[in-house]
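Heads up, the thing below is written out as structure tokens.
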């Protein structure tokens, strides 16, 4: 079982950063403070000794100029809103909370947004036209045929939580008898309805019934879609809301959590939520992001299956993030393929578009459009926001890692339904070991992970992984690593078979700093490092090289240490 990626405190000392919320702070309470802690805090706040914990926490909020927005007890998250917003107010509140013995971590609330690269809308029976190339590319028709013939059997109900802009349950390609369940709303919008369309698009990739399109899940009788709104009508949100949404999904017993969202940095609160969900047995799937850079959060966490996007030639899409990638799936070619889009706000936005597509647009992803009437760009910071509504219930097309991740989430859900006794680690390993080669070939690659999602192989009852086609993989978080504040960095190691393995850490001069002998068990393993060498001395600042070796194969990762 995967554990926490590192000790809390990754945000210690960091103040407000551009893009962070200017009126919110995320606080993680210390678990079980002692009476001495309570008395010390009472004295610091000039309150009488013996004051109860709940009142002291309220006193601390008052000192920080904050009030409770939401509390998430499972992970000890206290999400507050400041009375006087602004970067200086955030920094002052952080200082107030960090000075308290009651607080494990306090941080500004990082931004979050939908992980879609571009989008357009069009009517028509998309599935019948054969435009859902993503299903063909991932061997879905073969798996579906095996299911219809009885070779693949589903046994248990499975709940997939879609953490996004909401889901439009009125979309006609969701079955009337089993519409998506409207769950909680952790966005800045007043209600949980999908007034952007991105969430409906992602949910359709998982579970649309054959009509205009077909979702990747075979049988709606076994699937429950749970909508958890963490992004507003502009496709924007924050890490605090995402953390709260993950915990809510766990409390609703979701076995799979699909997150087509991305943020530029992690968060102690988000990391705690991810760990809690993994420990509860959930499979977490996230889009790697669309910046053509390092994998975004939450995909960058070891406990999350990070999904990159492929174009229609099985190449890593030009926009897809790299680095900490576990698996890849079709995400669409993107705007660089030469796809022409209607001018922003040009009527009629949702009609007559398909005829203008150049041939390269066959590499777009198709799914469901929401039924709201979009306000195109008028209230949103980004001109591409709000393009998934058609004022009807037609189909839409687009590109992004947002649309690769739901396919993997659907495959994870099918694996859970096929054998409800499978653990999240079992599901993860099955998906990675059954992956098909991409255009880069078999084995691990930093931009496509362990390969392309393969529904047929993953669900094949007699499937046995062939370890020799894989290469070991390694990454670590946090990186850069600050030993004084982070405490630990954790290497996430992907071993390819049973047999001796070792992890060596070298400095910039090539000198061995530390090594670990590993149990040679196929699958994911974690190895924590506290920043000390083999003699127990704290290492200096600089770049280090971690080398994982097993059976003649090796993987290398770079680690930056900053004191």
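The values are calculated or read from the model by the stated rules, or taken from the named source; none is laboratory data. Model, not experiment: these values are computed from the prediction. Cβ sites come from the backbone with ideal geometry, for glycine too, and all protein chains shown count toward neighbours.
Among the residues of the stretch 248-271, those that are buried (at least 24 other Cβ atoms within 10 Å of the Cβ) and either part of a helix (DSSP H, G or I) or not assigned by TED's automatic domain parsing to the domain that holds residue 425 (or both) comprise 249, 268, 269, 270, 271. When residue 300 is tested against (1) modelled with pLDDT of 90 or more; (2) crowded, with 24+ Cβ neighbours inside 10 Å, only condition (1) is not met.
Looking at the structure I just gave you, is residue 227 touching a residue at least 60 places away in the same chain (Cβ under 8 Å) and within 24 Å of residue 189 (Cβ to Cβ)? Here the answer is yes, as residue 227 does meet what is asked. Can you tell which of 203, 308 is under 24 Å from residue 458 (Cβ atoms), in the same structural domain as residue 141 (by TED's automatic domain parsing) and modelled with pLDDT of 95 or more? Criteria check complete, one pass: 308.
Here are some residues: 89, 106, 93. Which one is in contact with a helix residue (DSSP H, G or I) (Cβ under 6 Å, 6 or more places away or on another chain), in contact (Cβ under 8 Å) with a residue 24 or more places away in the chain, under 30 Å from residue 289 (Cβ atoms) and in a helix (DSSP H, G or I)?
On the way: 89 fails: in contact with a helix residue (DSSP H, G or I) (Cβ under 6 Å, 6 or more places away or on another chain); 106 fails: in a helix (DSSP H, G or I).
Answer to the selection: 93.
Checking the stated criteria, residue 152 turns out to be over 29 Å from residue 247 (Cβ atoms) and modelled with pLDDT of 85 or more. Scanning the stretch 207-224 for residues that are assigned to a loop (DSSP other than H, G, I, E, B) and in contact (Cβ under 8 Å) with a residue 40 or more places away in the chain yields 208, 210, 211, 212, 213, 214, 215, 216, 217, 218, 219.
Restricting the stretch 187-206 to residues that are in a loop (DSSP other than H, G, I, E, B) and in contact (Cβ under 8 Å) with a residue 60 or more places away in the chain, which is surrounded by the most Cβ atoms within 10 Å (Cβ to Cβ)? Looking at the filtered set, the residue picked out is 197.
In the condition set (1) at pLDDT below 85; (2) not in a helix (DSSP H, G or I), residue 468 is compliant with all but (2). Scanning the stretch 219-231 for residues that are crowded, with 24+ Cβ neighbours inside 10 Å and either more than 22 Å from residue 172 (Cβ to Cβ) or out of contact with any strand residue (DSSP E or B) (no Cβ under 8 Å at 6 or more places or on another chain) (or both) turns up 228, 230, 231. Evaluate the following for residue 416: is it assigned to a helix (DSSP H, G or I) and under 23 Å from residue 493 (Cβ atoms)? So residue 416 does not fit the description; no.
Test of understanding: among 81, 57, 67, which residue is under 29 Å from residue 198 (Cβ atoms) and not in a loop (DSSP other than H, G, I, E, B)?
Values: 57 fails: under 29 Å from residue 198 (Cβ atoms); 67 fails: under 29 Å from residue 198 (Cβ atoms).
Within the list 81, 57, 67, the selection yields 81.
Yes/no per residue for (1) modelled with pLDDT of 90 or more; (2) out of contact with any helix residue (DSSP H, G or I) (no Cβ under 6 Å at 6 or more places or on another chain):
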{"site": "156", "(1), (2)": "yes, no"}
{"site": "163", "(1), (2)": "yes, no"}
{"site": "182", "(1), (2)": "no, yes"}
{"site": "185", "(1), (2)": "yes, yes"}
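Would you confirm whether any residue within the stretch 380-395 is at pLDDT 65 or above, in the same structural domain as residue 284 (by TED's automatic domain parsing), touching a helix residue (DSSP H, G or I) at 6+ places or on another chain (Cβ under 8 Å) and crowded, with 19+ Cβ neighbours inside 10 Å? No, there is no match, as no residue in the stretch 380-395 is at pLDDT 65 or above, in the same structural domain as residue 284 (by TED's automatic domain parsing), touching a helix residue (DSSP H, G or I) at 6+ places or on another chain (Cβ under 8 Å) and crowded, with 19+ Cβ neighbours inside 10 Å. For the stretch 426-445, a tally of residues being modelled with pLDDT of 90 or more, assigned to a loop (DSSP other than H, G, I, E, B) and surrounded by fewer than 22 Cβ atoms within 10 Å (Cβ to Cβ) returns 2.
Output the residue which, of all residues in the stretch 272-289 that are assigned to a loop (DSSP other than H, G, I, E, B) and in contact with a strand residue (DSSP E or B) (Cβ under 7 Å, 6 or more places away or on another chain), is surrounded by the fewest Cβ atoms within 10 Å (Cβ to Cβ). Give the steps one after another, and end with the answer.
Here is the first cut: in the stretch 272-289, the ones assigned to a loop (DSSP other than H, G, I, E, B) are 280-282, 288-289.
Checking which are in contact with a strand residue (DSSP E or B) (Cβ under 7 Å, 6 or more places away or on another chain) leaves us with 282, 288-289.
Details: 282: 25, 288: 34, 289: 31.
So, considering only residues that are assigned to a loop (DSSP other than H, G, I, E, B) and in contact with a strand residue (DSSP E or B) (Cβ under 7 Å, 6 or more places away or on another chain), the one surrounded by the fewest Cβ atoms within 10 Å (Cβ to Cβ) is 282.
Based on this model, can you work out whether residue 21 counts as surrounded by 19 or more Cβ atoms within 10 Å (Cβ to Cβ), within 21 Å of residue 188 (Cα to Cα) and either under 36 Å from the mean Cα position of the chain (by Cα) or not assigned by TED's automatic domain parsing to the domain that holds residue 105 (or both)?
Working: surrounded by 19 or more Cβ atoms within 10 Å (Cβ to Cβ): yes; within 21 Å of residue 188 (Cα to Cα): yes; either under 36 Å from the mean Cα position of the chain (by Cα) or not assigned by TED's automatic domain parsing to the domain that holds residue 105 (or both): yes.
In short, yes.
Applying the criterion of being assigned to a strand (DSSP E or B) and farther than 16 Å from residue 304 by Cα to the residues of the stretch 471-500, the residue that is modelled with the highest pLDDT is 489.
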